[in-house]
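Engineer: Quick one: structure below, then a few questions.
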Amino acid sequence: MNTSIRRTLKTAAAASLTAGLLAAGAAAASAHVTVDPSATAEGGFTKLTFSVPNESDSAKTNRLEVKLPTDTPLTSVSVKPMDGWKAQVVTTTLPKPVEIAGATVTKAPTSVVWSADAAHQIGQKEFQTFTLSVGRLPAAGTTLMLPAAQGYTDGTTVNWADAAEAEHDHTSATSSDAASVPAAEEKEHHPAPSFVITAAEASDGSATATPDAAPASETQATGSNGGQAAGWIGLVAGLLGLAAGATALVRTRAAKK
């Protein structure tokens, strides 16, 4: 094997290894606590499924606390039971009264806390899902942020509470500027689970019909009547053509005589 081929193979191997390391780093960085709502319509109820991965190489996740909004409180909160995990819905007095559907609300659920027994803690390369049923959802356009605190068996806690659009201050800097940022000033981004409330559906649950569109039954009836009319017109035209032919034949024979 000549030198140029060896160099090419070494370069390709190094590039593959680098790509693999970058991909692994990206996967680790994207392993956030997230929420998946089953519905997002204003004024409705929804099932919230939180996905919680374990990100520690040495400890297990044994606790999760999800904080609920106090400015747009969710007055109905229930927990789906999980084997090996105890859940507590914490209700407290709101910072200020809130008007909901004409009623003044002063107390509401403000957090849900799950804690695991030793056999059901989330280990390395594992994740767990936690489910809530909540309602009613606030006005359309509201971003419902649900900060989460993930506790580990070594006593550390990771707070997933940053705004989704927040980024490191130095990410948009040039390479020379980024190199000058002290490591102590770097802050890892921990976005809070969140989703946006959408517009409420029509009260009858039906979609709005297009004004110019005719109902299917009417369209089919029109097509059927049109087909019948076309058939009668064709029949009349055929009879007239036959009569004209007969008349021409009679005249021709009369002329020959």
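The values are calculated or read from the model by the stated rules, or taken from the named source; none is laboratory data. Just so we're clear, the structure is a prediction, and the values are computed from it rather than from any experiment. Positions of Cβ are backbone-derived with ideal geometry, glycine not excepted, and every protein chain shown enters the neighbour counts. Surface accessibility is based on the protein's heavy atoms, side chains included, excluding ligands, DNA and RNA. Shrake-Rupley method; radii C 1.70, N 1.55, O 1.52, S 1.80 Å.
Engineer: Take residue 129 and tell me if it is of a type in the set (Val, Ile, Thr), under 19 Å from residue 63 (Cα atoms) and either at pLDDT 95 or above or open to solvent by 60 Å² or more (accessible area, probe 1.4 Å) (or both). Lay out the reasoning, then the answer.
Structural biologist: Working: of a type in the set (Val, Ile, Thr): yes; under 19 Å from residue 63 (Cα atoms): yes; either at pLDDT 95 or above or open to solvent by 60 Å² or more (accessible area, probe 1.4 Å) (or both): yes.
Criteria met by residue 129.
Engineer: Test of understanding: among 64, 137, which residue is within 29 Å of residue 198 (Cα to Cα), open to solvent by less than 20 Å² (accessible area, probe 1.4 Å), in a loop (DSSP other than H, G, I, E, B) and of a type in the set (A, V, I, L, M)?
Structural biologist: 137
Engineer: Now for a different question. Hey, could you check region 104-130 for residues that are charged (D, E, K, R) and assigned to a loop (DSSP other than H, G, I, E, B) and say which is farthest from the chain's Cα centre (by Cα)?
Structural biologist: 117
Engineer: Can you tell me which condition residue 121 does not meet? The list is (1) in contact with a Lys or Arg (Cβ under 6 Å, 6 or more places away or on another chain); (2) without any contact (Cβ under 8 Å) to a residue 60 or more places away in the chain, and all the others hold.
Structural biologist: Just one mismatch for residue 121, condition (2).
Engineer: Among the residues of region 77-93, which ones are over 22 Å from the mean Cα position of the chain (by Cα), at negative phi and open to solvent by less than 60 Å² (accessible area, probe 1.4 Å)?
Structural biologist: 82, 85, 87, 89, 90, 92
Engineer: Going through region 41-52 one residue at a time, which ones are open to solvent by less than 40 Å² (accessible area, probe 1.4 Å) and more than 19 Å from residue 112 (Cβ to Cβ)?
Structural biologist: Residues satisfying the conditions are 41, 43, 44.
Engineer: Quick one: is residue 112 surrounded by 15 or more Cβ atoms within 10 Å (Cβ to Cβ) and closer than 28 Å to residue 41 by Cβ?
Structural biologist: Details: surrounded by 15 or more Cβ atoms within 10 Å (Cβ to Cβ): yes; closer than 28 Å to residue 41 by Cβ: yes.
It is true that residue 112 is surrounded by 15 or more Cβ atoms within 10 Å (Cβ to Cβ) and closer than 28 Å to residue 41 by Cβ.
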